[in-house]
Amino acid sequence: MGRALEPQELDDVVQLVTKGSKAPASTLRRVAETQRAALVVELRRYGEDSVASKVESMPVGRMGSILARGMKIAFTGTMLLTALCLAAVEEVEGLSRPLARKRRKPAT
């Protein structure tokens with residue numbers, strides 16, 4: 001089961017939902033870093049350690065490309081987390097391919 005949101009995380013969610021891209025820059029930065037960290041964890045669970053390492057140091061603009069492409073893949077019926085991982089592989093390697101593992105390793 002997941003953990004409860006910290007007060008700052010909850011505030012960031014409220015700011016993002018109510019103000020969108022007009023939310024304070026610090027909020028947008030924290031949200032982007034949270035998205036990046038979550039994607040890195042999922043990539044590692046799918047056995048994509050080298051892609052995860054590249055995503056960790058990727059500029060924010062490329063992260064936006066991954067999120068947008070991941071949503072397009074998800075609309076085809078692919079689970080969202082899987083779709084985002086597939087999009088990350090595509091962004092990093094320049095072409096699409098199946099993930100290294102079909103099933104995620106258990107979370108640690």
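Here are some notes:
- Within straight-line cross-link reach of K54, lysines at Cα separation under 27 Å, skipping those fewer than 8 residues along the same chain: K72, K102, K105
- Average projection, convex hull of the Cα set of region 1-101: 7.1 square nanometres.
- Angle in degrees between helix 80-93 and the longest Cα principal axis of the chain, rounded to the nearest 10: 70 degrees
- Scalar couplings 3J(HN,Hα) for region 34-39, obtained by applying the Karplus form with A = 6.51, B = -1.76, C = 1.60 to θ = phi - 60°, are 5, 4, 4, 4, 5, 5 Hz; x denotes Gly and Pro.
- Separation in nanometres of the label points that stand 7 Å from Cα toward Cβ, at R101 and R3: 2.1 nm
- By average C-beta atoms within 10 angstrom, highest first, the peptides 88-96, 17-25, 56-64, 39-47: 39-47, 88-96, 56-64, 17-25
- Relative to the longest principal axis of the Cα atoms of the chain, the long axis of helix 60-74 lies at roughly 70 degrees.
Here, each number is a calculation from the coordinates, and none is a lab measurement. On a predicted model such as this, the values are computed, not experimentally measured, just so you know. All Cβ positions, even for glycine, are placed from backbone atoms using ideal geometry, and neighbour counts span all protein chains on display.
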